[in-house]
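Take a look at the structure below.
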Amino acid sequence: MSATQTMLPAGTRGKGFSRLLLYVLLLVHLVFTGYPFVWMAISSFKTNKEYFANPWGLPESWHFDHFVQAWNQGINGYLFNSLYITFFSVVGLLVVATLIGFYLSIRPFRGSKLLLGAFFLGMLIPIHSTLIPLFTMANKLGIYDSFWALFFPYIAFNLPVAVFIAHGFFQGVPKELEEAAMIDGCSIYQTFFKVYFPIAKPVLATITILSFFNIMNDFVFPLVMVSKESLKTLPLGLMMFKGNFSADYSLISAALVITTAPIIILYMFLQKYIQKGVVAGAVKG
């Protein structure tokens, strides 16, 4: 045992070992979660023959034409549809969820806890168990085979988690802030949009990234609610790259890289707010 180790207190050595163990676990987690994406990205630069001959190695020459080919085969249209429905669904969700969370936290009324509990209960309902009733409703309302048939379910099924996070955050905001706004003559809606909404960036970022993942990656709702080729989203569009008897896996890998790029870019921009938003919602919720 060295002289330095002998001088260190037992508690310090224990903390050092715990930290080392944590780093090792995080490194293992990073390898298991990050390697599939790296493998997919590398595969997108191979030929289909090389994909099967050498699945785990680097490509002999880097082929960028798969990305051009995937783009020209229609991935750009599917990408636009997914971003379009995701953007407007997330914006609608942010407005509705933060308004509900704000009002229930600063203007509690008789039955507000019951109403809040009803929202939280929504987190327990498997969304795909409602497909048949929603399909029937969309047909009767005449919105089947349109983006409206996806827009309302996406907002409704992401609402429980969003309200949970928003309500927890607004409960932690000092009451004096609302009182100062009221003294300045603000109505409750002006107080929300001019005072509370701008300080809720961590919550907005957390709700945005969580709902963006759910909506962008959803496969079942577009499969049931949309049949027009011009309205299909990315998860459905990726199926078009697979033939009946064969598939160009390098081309599919390139399409998947294009598909995941918007989510990674969004996460990189919003990551600094996500932890704050989750903690704010969890502690006070």
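Only residues that are open to solvent by 10 Å² or more (accessible area, probe 1.4 Å) and assigned to a helix (DSSP H, G or I): list them for the stretch 187-206, please.
Here is the first cut: in the stretch 187-206, the residues open to solvent by 10 Å² or more (accessible area, probe 1.4 Å) are 187-190, 193-195, 197-199, 201-202, 204.
Across the stretch 187-206, the qualifying residues are 188, 189, 190, 193, 194, 195, 201, 202, 204.
For the stretch 259-284, give me each residue that is modelled with pLDDT of 75 or more and surrounded by 20 or more Cβ atoms within 10 Å (Cβ to Cβ).
259
Name the residue, out of 121, 134, 150, 116, that is surrounded by fewer than 17 Cβ atoms within 10 Å (Cβ to Cβ) and in a helix (DSSP H, G or I). Let's see the steps before the verdict.
On the way: 134 fails: surrounded by fewer than 17 Cβ atoms within 10 Å (Cβ to Cβ); 150 fails: surrounded by fewer than 17 Cβ atoms within 10 Å (Cβ to Cβ); 116 fails: surrounded by fewer than 17 Cβ atoms within 10 Å (Cβ to Cβ).
The unique qualifying residue is 121.
Within the stretch 247-254, is even one residue open to solvent by 40 Å² or more (accessible area, probe 1.4 Å), farther than 30 Å from residue 54 by Cβ, over 19 Å from the mean Cα position of the chain (by Cα) and among the acidic types (Asp, Glu)?
Narrowing the stretch 247-254 to residues open to solvent by 40 Å² or more (accessible area, probe 1.4 Å): 248-249.
Of the ones still in play, those that are also farther than 30 Å from residue 54 by Cβ are none.
No, there is no match, as no residue in the stretch 247-254 is open to solvent by 40 Å² or more (accessible area, probe 1.4 Å), farther than 30 Å from residue 54 by Cβ, over 19 Å from the mean Cα position of the chain (by Cα) and among the acidic types (Asp, Glu).
Hey, among the residues in the stretch 232-246 that are part of a helix (DSSP H, G or I) and either at pLDDT 90 or above or not aliphatic (A, V, I, L, M) (or both), which one's surrounded by the most Cβ atoms within 10 Å (Cβ to Cβ)? Break it down into steps so the answer makes sense when it comes.
Step one: list which residues in the stretch 232-246 are part of a helix (DSSP H, G or I), which gives 234-239.
From what's left, either at pLDDT 90 or above or not aliphatic (A, V, I, L, M) (or both): 235, 237.
Working: 235: 18, 237: 23.
Only one residue fits best here, namely 237.
Considering the stretch 153-184 alone, what residues qualify as being among the charged types (D, E, K, R) and in a helix (DSSP H, G or I)? Lay out the reasoning, then the answer.
Of the stretch 153-184, the ones among the charged types (D, E, K, R) are 175-176, 178-179, 184.
Selection gives 175, 176, 178, 179.
I'm told residue 129 meets every condition in (1) open to solvent by less than 90 Å² (accessible area, probe 1.4 Å); (2) at pLDDT 85 or above except one. Can you identify the failing condition by its number?
Unmet condition: (2).
The values are calculated or read from the model by the stated rules, or taken from the named source; none is laboratory data. On a predicted model such as this, the values are computed, not experimentally measured, just so you know. For neighbour counting, all protein chains shown are included, and Cβ atoms are generated from backbone atoms with ideal geometry for every residue, glycine included. The area values use the complete protein model at the heavy-atom level, side chains included, leaving out ligands, DNA and RNA. Shrake-Rupley method; radii C 1.70, N 1.55, O 1.52, S 1.80 Å.
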